[in-house]
Structures are given as structure tokens and as C-alpha cells.
1. Calculated FRET efficiency, residue 109 and residue 177, Cβ-Cβ r, R0 25 Å, to nearest 0.05?
2. Could you work out how far the C-alpha centroid of the stretch 114-179 sits from that of the stretch 50-100, in angstrom?
3. Run the numbers on the stretch 2-177 and let me know its relative contact order in percent, using alpha-carbon pairs under 8 Å that are six or more apart.
4. If each residue of separation counts as 0.36 nm, what is the full-extension length gain between residue 121 and residue 33 once their alpha-carbon separation is subtracted?
5. Could you give the semi-axes, largest first, of the ellipsoid that matches the stretch 2-177, computed as the square roots of 5 times the alpha carbon gyration tensor eigenvalues and rounded to whole Å?
Amino acid sequence: MIKWLLVAFLIGVALLLWRIAGFAKRNLPQAGAQAPSFSLPDQNGKIRADAEFRGKWLVLYFYPKDDTPGCTEQAARFRDTMREFEALGAAVCGVSVDNSASHASFARKYNLPFALLADRNGEIATRYGSLRNFGVVKFAKRNTFLVDPQGRVAKVYLGVNPARNAQDVAADLKRLTAK
């Protein structure tokens, strides 16, 4: 009897996760669509909104957690590629569900020269189809969106490799700006 209850429980959990994954994909903005708006505090408590970035390219990357191995590598790669992004007319913003204080510590520790946005309730990550929400535990999926100067999604990168994400986005941005 206990064995069957365990099997039923595991099937229920699997169905719930499948439903959550399907919901996230429905919210995923597609290339060519208007990027979802946002207004979030950065690591310094300053409110940063999508309108601030109109007229330039925006790399909006979602990541799970400050100061963890993959997230640190991804942030460091964006840091090390910032001059290239700036030369191409692009700004970079990282987004996670961590708070501004955590972001401030992370940015100081690794000398991150870009905004880290605190999406505490996961609302913006949800709009971008990039939130994993397990009730009491939620975190952003490692997805990146390249937004053009008019505020449209130019390219979507899902489940990115933290070691290659910045390089891949920079290469695509070079191609897009060369047209």
C-alpha cells in the first residue's frame, strides 16, 4: 500500500512539474515580439526600467542565484566582455530573485560593472518565461534575451551555458549590428 502511495505521489509531482514547464513556455517571448516591460531595483536600490534602455541594445540575462559557481562564471564572462558590448551600443542587466543587498555583495565581490536587478517576487522572470516556482522555493532559469533598440526581442537563448553565454550573445550582436 505504501509503495503505491509513493508511486502515486511521484506521478503527481511529475505532472505538476510538467504543467509548470508548459506554463513557462507559454509566457516565453518570441523573437520579433515586444519585450515585456520591467521596473526593478538594482544592486544599489535604484529603480531600473526597460524604458531607460530604449535606443540601445539590451542583454537581459536571468540567472538562478548570486555567488554560486555557474552564476559567478556567467557574470564574470559578461563583465569581461563589457567593453565589446558597450562598443556595440549594448547594456547588460542580470536578473534573479535575490534581493538588492545580495546583488550588491555579489557585484562588489566580482567587480560587476552592470546592473543586477532584484526580481524578488519573480514577476518579471515569469513574464519572460524564466521562473521556476516550486511554491516555497523559486529561482530564475538561466535564459538570456537580446532586446533591440526599439524594445523588441531580437534573440532568445534558453538554458544557456554560463561559460559561453556572453560570447554567443556578443557574436550575434555583432551580426545584427553589421546589417
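1. 0.20
2. Measuring centre to centre over Cα atoms gives 8 Å.
3. Contact order relative to length: 30 percent.
4. Net length gain for the segment: 29.3 nm.
5. Square roots of five times the eigenvalues give 29, 18, 15 Å.
FYI, it's all coordinate maths here, none of it is from the lab. What you are looking at is a predicted structure, and each value in this text was computed from that prediction instead of being measured. In this analysis, Cβ positions are derived from the backbone assuming ideal geometry, glycine residues included, and neighbour counts consider all displayed protein chains.
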